[in-house]
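Engineer: Would you mind keeping the following structure in view while I ask a few things?
The values are calculated or read from the model by the stated rules, or taken from the named source; none is laboratory data. What you see is a predicted model; the values in this text were computed from it and never measured. Here the Cβ positions follow ideal geometry from the backbone for every residue, glycine too, while neighbour counts run over all protein chains shown. All accessible areas refer to the heavy atoms of the entire protein, side chains included, with ligands and DNA or RNA removed. Shrake-Rupley method; radii C 1.70, N 1.55, O 1.52, S 1.80 Å.
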Amino acid sequence: MSWETELDQWTAEYLPDLKITNDEPMSRHTSFRVGGPAKRMAFPASGEQLVLLLDRARECGARPLVIGNGTNLLAPDEGLDRLVIDTSAGLNRLEPGTEPDTLTAEAGVSLARLADFACKQGLTGLEFAHGIPGTVGGAVCMNAGAYDGEMKQVIERVTVLFPEEGIKTLSCGEMDFSYRHSLLSDHPDAVVLRATFRLVPGDRETIRARMRELMARRKASQPLEYPSAGSTFKRPAGYFAGTLIESSGLKGLTVGGAQVSEKHAGFVINTGTATAADVLAVIRQVQDRVYAEKGVRLEPEVRIIH
Ligand SMILES: Cc1cc2nc3c(=O)[nH]c(=O)nc-3n(C[C@H](O)[C@H](O)[C@H](O)COP(=O)(O)OP(=O)(O)OC[C@H]3O[C@@H](n4cnc5c(N)ncnc54)[C@H](O)[C@@H]3O)c2cc1C
């Protein structure tokens, strides 16, 4: 029996309320707007549903892939023979933490909502995250950051589901955060369920003004009018990826519908008709030409999934 038939039978019996779709285009769930169909996509309504589903999915060989807002993903044109689990709709509980100056958010809460909530509570520290279009789960996984802030600075603890060991709550130190890296980078099958953030009391108006200022800086410097996954490459030690790409003469480099943005060379954008193959071709050409010109090997920040 195929994994999907086995999973369909199991969900019909044990999780009849779970929303699950067949051949769901990944282009609908990634900010690049590319990617073929996922054989099954599930939208759990709670952490409990997610845990049950993951357990069963692994047993039947569905190779589950947990995603948030899909803002750091490149999904293949030929689609995915696996179960994709979208946390962004259902894992959305957000509340003050049990200790003063803390907030607890489930994995699917968007960073924009989290930062807004912190502002309303008069807590500062998450202003940097307001304009990052991901979820808490994706941001913890990537140690997302901007404008001198990163998740590492504000995480108190994270609740993670490991396939073998079960659910564990890890301190910030145990999360092994570094630049665009976390414990999850070395445990790709582990899943973030929720995170607690430790913040500092601050003035609401000042927090709001800082969020507005950072959003204006993003709009001025980033090609937000086109689909993309943000910065395509990690920052190599001692350099900026965008500067290396621009000074290698690669602004505007185009393959099919994918292009190195004219506005910000660190972004590969979808000009409207890009396929994942186009995006990958641009990534490879940029890597090769920057290496040939500057001797620096750029590493994708975008997660290329199979
Ligand atoms: C316009 C634009 C601007 C951006 N600006 C920034 C920026 O300033 N700074 C920055 O760091 N990033 C930026 N990004 C990239 C992206 O938003 C971040 O990496 C974000 O943290 C990804 O979150 P997500 O929910 O979209 O994750 P997804 O793209 O859905 O997933 C990313 C990775 O995290 C994993 N993942 C997601 N949820 C979970 C979970 N619950 N448990 C375990 N693993 C999980 C996925 O499997 C995948 O490997 C930008 C992207 C865009 C499109």
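Engineer: I'd like to check one number: the per residue accessible area of region 224-304, probe 1.4 Å, reported in Å² as a whole number.
Structural biologist: Dividing the accessible area of region 224-304 by its residue count gives 47 Å².
Engineer: Determine the per residue accessible area of region 3-86 with all protein chains present and a 1.4 angstrom probe, expressed in square angstrom. Don't skip to the end; give the middle numbers.
Structural biologist: Working: 3580 Å² over 84 residues.
In whole numbers, region 3-86 has 43 Å² accessible per residue.
Engineer: Percent of accessible area on region 2-67 owned by carbon and sulfur, 1.4 Å probe?
Structural biologist: 47 percent
Engineer: What dipole magnitude, in Debye to the nearest 20, does the chain give about its Cα centre under +1 on Lys/Arg Cβ and -1 on Asp/Glu Cβ?
Structural biologist: My answer is approximately 1040 debye.
Engineer: In vacuo Debye scattering of region 43-111, one point per C-alpha: log10 I(q)/I(0) at q = 0.17, 0.21, 0.23 Å⁻¹?
Structural biologist: For region 43-111 at q = 0.17, 0.21, 0.23 Å⁻¹, log10 I(q)/I(0) is -0.70, -0.93, -1.03.
Engineer: How long are the semi-axes of the equivalent ellipsoid of region 1-140, taking √(5λ) for every eigenvalue λ of the Cα gyration tensor, in whole Å from largest down? List each step's numbers first, then the result.
Structural biologist: Working: eigenvalues 185, 68, 18 Å².
Its equivalent ellipsoid spans semi-axes of 30, 18, 10 Å.
Engineer: Which of the listed residues, Leu103, Pro163, Pro133, is farthest toward the dipole's positive end in the chain, when Lys, Arg count +1 and Asp, Glu count -1 at the beta-carbon?
Structural biologist: Pro133
Engineer: Take Glu174 and Asp23, extend 7 Å from each Cα along the Cα→Cβ direction, and tell me the distance between the two endpoints in nm.
Structural biologist: Reported label-point gap for Glu174 and Asp23 is 4.4 nm.
Engineer: For the pair Glu262 and Glu164, how long in nm is the line joining their label points, each one 7 Å along Cα→Cβ?
Structural biologist: Label at Glu262, label at Glu164, 5.3 nm between them.
Engineer: Sticking with this one: Under a Cβ-Cβ cut-off of 11 Å, what is the net charge of the residues other than Leu91 that fall near it, where Lys and Arg count +1 and Asp and Glu count -1? Please list the in-between numbers first.
Structural biologist: Values: positive: Arg93, Arg194; negative: Glu48, Asp86, Glu106.
Neighbourhood net charge equals -1.
Engineer: How far is it, in nm, from the label point at Val51 to the one at Asp8 when both lie 7 Å from their Cα along the line to the Cβ?
Structural biologist: If labels sit at Val51 and Asp8, their model points lie 2.9 nm apart.
Engineer: Considering only protein heavy atoms and a 1.4 Å probe, what is the carbon-and-sulfur percentage of the accessible area of region 94-220?
Structural biologist: Values: 2830 of 5640 Å².
With neighbouring chains kept in place, the figure for region 94-220 is 50 percent.
Engineer: Please name which of Ala42, Gly68, Asn22 has its Cα lying farthest along the dipole of region 19-170 towards the positive end, using unit charges on Cβ (Lys, Arg +1; Asp, Glu -1) and the Cα centre as origin.
Structural biologist: Result: Asn22, furthest along the dipole toward the positive end.
Engineer: Hey, what's region 94-220 come to in accessible area per residue, 1.4 Å probe, Å²?
Structural biologist: 44 Å²
Engineer: When the Cα atoms of region 41-82 are enclosed in a convex hull and the volume is divided per residue, what value in Å³ results?
Structural biologist: In region 41-82, the Cα convex hull volume per residue is 75 Å³.
Engineer: While we're looking at this one, here's another question. With only alpha-carbon atoms counted, please give the Rg and Dmax of region 3-86, in Å.
Structural biologist: Here Rg and the maximum Cα pair distance are 12.2, 35 Å.
Engineer: With a length cut of 24 Å (Cα positions projected on each helix's long axis) and a Kyte-Doolittle mean of at least -1.0, go through the chain and give me the DSSP H helices that pass.
Structural biologist: 276-294
Engineer: Can you tell me what the convex hull of the Cα atoms of the chain projects to on average, as an area in nm²?
Structural biologist: 16.0 nm²
Engineer: Using a Förster distance of 22 Å, how high is the FRET efficiency between Arg63 and Glu299, based on the Cβ-Cβ distance and rounded to 0.05?
Structural biologist: 0.35
Engineer: Ignoring ligands, DNA and RNA, what percent of the 1.4 Å accessible area of region 224-304 is carbon and sulfur?
Structural biologist: On region 224-304, the fraction of accessible area on carbon and sulfur atoms equals 48 percent.
Engineer: If R0 is 30 Å, what FRET efficiency do you get for His306 and His181 from their C-beta distance, rounded to 0.05?
Structural biologist: 0.90
Engineer: Using 1/(1 + (r/R0)^6) with R0 = 51 angstrom and r between the beta carbons of Tyr291 and Arg212, what's the FRET efficiency to the nearest 0.05?
Structural biologist: E between Tyr291 and Arg212, to the nearest 0.05, is 0.85.
Engineer: Can you find, among Thr11, Gln287, Leu94, the residue farthest towards the positive end of the dipole of the chain? Put +1 on the C-beta of Lys and Arg, -1 on that of Asp and Glu.
Structural biologist: Going by the Cα projections, it comes out as Gln287.
Engineer: Please report the net charge: other residues with Cβ closer than 13 Å to the Cβ of Ser261, K and R +1, D and E -1.
Structural biologist: Computed value for this residue: -1.
Engineer: Running a GNM on the chain with Cα contacts under 10 Å, which residue among Gly35, Gly230, Gly249 ends up with the highest mean-square fluctuation?
Structural biologist: In this elastic network of the chain, the residue with the biggest mean-square fluctuation among Gly35, Gly230, Gly249 is Gly249.
Engineer: With N set to the number of residues, divide the alpha-carbon radius of gyration of region 224-304 by 2.2 N^0.38 Å and report two decimals.
Structural biologist: Compared with the compact-globule rule of thumb, region 224-304 sits at 0.97.
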